[in-house]
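Reviewing the structure listed below.
The values are calculated or read from the model by the stated rules, or taken from the named source; none is laboratory data. Keep in mind that what you see is a predicted model, and the values were worked out from it rather than measured. With ideal geometry, Cβ positions are generated from the backbone for all residues, glycine too; neighbour counts draw on all protein chains shown. Just so you know, the surface numbers come from the protein's heavy atoms only, side chains and all, with ligands and any DNA or RNA stripped out. Shrake-Rupley method; radii C 1.70, N 1.55, O 1.52, S 1.80 Å.
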Amino acid sequence: MQTDSSFTFVLFGGTGDLSMRKILPALFEAHRAGGMLADSGKIVAVARHAADRGEYLQWVNEHVKPHVSKNGVDETAWASFLERIEFVKIDLGNPEDFTLLRDAVKDLPGIRVFYLATGPSLFVPICRALASVGLNENARIVLEKPLGYDLKSSNAINDAVGEIFAEEQIYRIDHYLGKEPVQNLLALRFGNALFEPLWRREWVESIQITIAEELGVEARGDFYDNTGALRDMVQNHLLQLLSIVAMEPPHSMDSDSVRDEKLRVLRALKPINQLDIGKVAVRGQYHSGVIRGNAVPAYATEPGVKQNSTTETFVALKVEIENWRWAGVPFFLRTGKRLADRVAEIVVNFRSVPHSALGASALRAGANRLVIRLQPNETIRLYCLAKQPGEGMNLASVHLDLAFDQFFREGQMEAYQRLLLDVINGRLALFVRRDEQEAAWRWVEPILNEWKALNKPPKPYASGTWGPAAASAMLAQHGTCWLEEEN
Ligand code: BG6
């Protein structure tokens, strides 16, 4: 991916966790790879916890370097990367300080990108301060999730930012859209004639999408306790994956064609109401348990979490899409922290044959199944039935495997690297448009409201398991179960 686009990348929250773990390492990788970033491109870090550029670079050396290149840092590339970095000390609470930023960037080249790696409460004040010194013109703004807490607060942020930046200038990040396997899902569906004819209610019995984590809330107890899994993972990552799995073939891969199709799916989600909620939605919270041989504490005792918190760390849902392609096909979504494994995968269960000339074993449910694993290792596995060797016609389940790292040994890109390059190069397809975000909130909000009205504690589950039993019971009602692949 060669580029001539010069840029000035202004990073708000320059000493924050996200800058340290994701953004600066991703920019370094793009720099190290060569040819991805214009030589003249500059990074301007904005923070108040460093006195000057020297002190900031020292922080970058101490805190960012350990997060780059697992196989050791290329010291020459690292030294030239540091040369790209400028620093401006700004107190974000003081809009007058933004004149310092204006002066710092006025002679720097290329398109200006403002990346807000800050809490959402600062998004609007920063945008207004940028506008007050004329820095909003011809610039791009990148907003991290969470963008709001519900439909109203997300609209309030979008309205206020929208007064300063046009929609084409706004890049709302959902890092799942930058993951290589998610791109591959588009390639699988729309680059092959093989699957598309089967990708519909006539042939698909049900679909499962799982994002399971082994980690708990780590140091984010405070934030997470006011958020919960539905807002943190379902409203964005899971619904984005669902819309890519279920969307109609877009006319092209340009940003609005893809986003228009995803939006149609989000708007076709069947609302979950008071009558259904107990049957189609499960919320859980982790208790203590054991993960990979280590004892781990209960959510309620994690730092920053309120005593007797009723925040959910696990959600399972049965979702329906009200359109011709998917009517009647259940989509089972689940996500949780402190589960038995770290895995993200999509399982497409095909129907069994309508009539078996080969005996009952050919009528087995889920005999044909496509498993698309997004992480930890990217694989596609297609299950089918084959004859067992020997006498008689006995069928057994076998699978065809595709492990991407065996085909493509090089060129894999981390999600943030891809997304940052897209921002610099003005590609919007992998960013969430305002109407998509609104549609997702519109669907999620009634679930939050119903849960609040019910006022029941989440179902407990032991850390290191696959979540509350109720999540399995929900699938059992449909004659199926969660499918967990072996690594
Ligand atoms: C983030 C959530 O958006 O995604 C986190 O806020 C979660 O709670 C993370 O841990 C998971 O991302 P990944 O890429 O590690 O699956």
Alpha-carbon Debye profile of the chain, log10 I(q)/I(0) at 0.05, 0.06 Å⁻¹: -0.21, -0.30
GluC sites (Glu not before Pro) restricted to DSSP loop in segment 95-194 with at most 14 other C-beta within 10 Å: GLU137, GLU163
Calculated FRET efficiency for the pair VAL353/ASP103, C-beta based, R₀ 56 Å, to 0.05: 0.20
Mean Cα-pair separation over length for segment 253-403, i.e. relative contact order, pairs under 8 Å, 6 or more apart, %: 14 percent
Leading residue at positive end of dipole, segment 16-133 (Cβ point charges), from LEU27, THR76, LEU100: LEU27
Computed over segment 254-388, Kirkwood Rh from alpha-carbon pairs, angstrom: 18.8 Å
Contour minus Cα-Cα distance for LEU454 and GLU218 (0.36 nm per residue): 82.1 nm
For segment 35-74 versus segment 136-156, the gap between their alpha-carbon centres in whole angstrom: 26 Å
With Cα atoms, 0 to 90° folded angle of helix 434-454 axis to the chain main axis: 60 degrees
Estimated distance in nm for a label pair at ALA79 and SER153, the labels positioned 7 Å out from Cα along Cα-to-Cβ: 4.7 nm
Whole-percent pair-distance distribution, where bins are 10 Å wide, for the alpha carbons of segment 306-378: 15, 31, 31, 18, 5, 2, 0
Relative packing of peptides 452-463, 384-395 - highest average C-beta neighbours within 10 Å first: 452-463, 384-395
Between segment 338-413 and segment 431-487, the alpha-carbon center distance in angstrom: 25 Å
Alpha-carbon spread of segment 211-268, three principal axes, descending order, Å: 43, 20, 19
Ordering of 334-347, 370-383, 291-304 by burial proxy (mean other Cβ atoms within 10 Å per residue, highest first): 334-347, 370-383, 291-304
Rounded to whole Hz, the Karplus (6.51, -1.76, 1.60) HN-Hα couplings of segment 353-365, x for glycine and proline: 4, x, 8, 10, 7, 9, x, 5, 5, 7, 9, 4, 5
3J(HN,Hα) from dihedral phi, segment 188-205, Karplus parametrisation 6.51/-1.76/1.60, rounded to Hz, x for glycine, proline: 4, 6, 10, x, 10, 7, 4, 8, 4, x, 8, 7, 6, 4, 4, 10, 9, 8
The chain, accessible area per residue, ligands and nucleic acids excluded (1.4 Å, Å²): 45 Å²
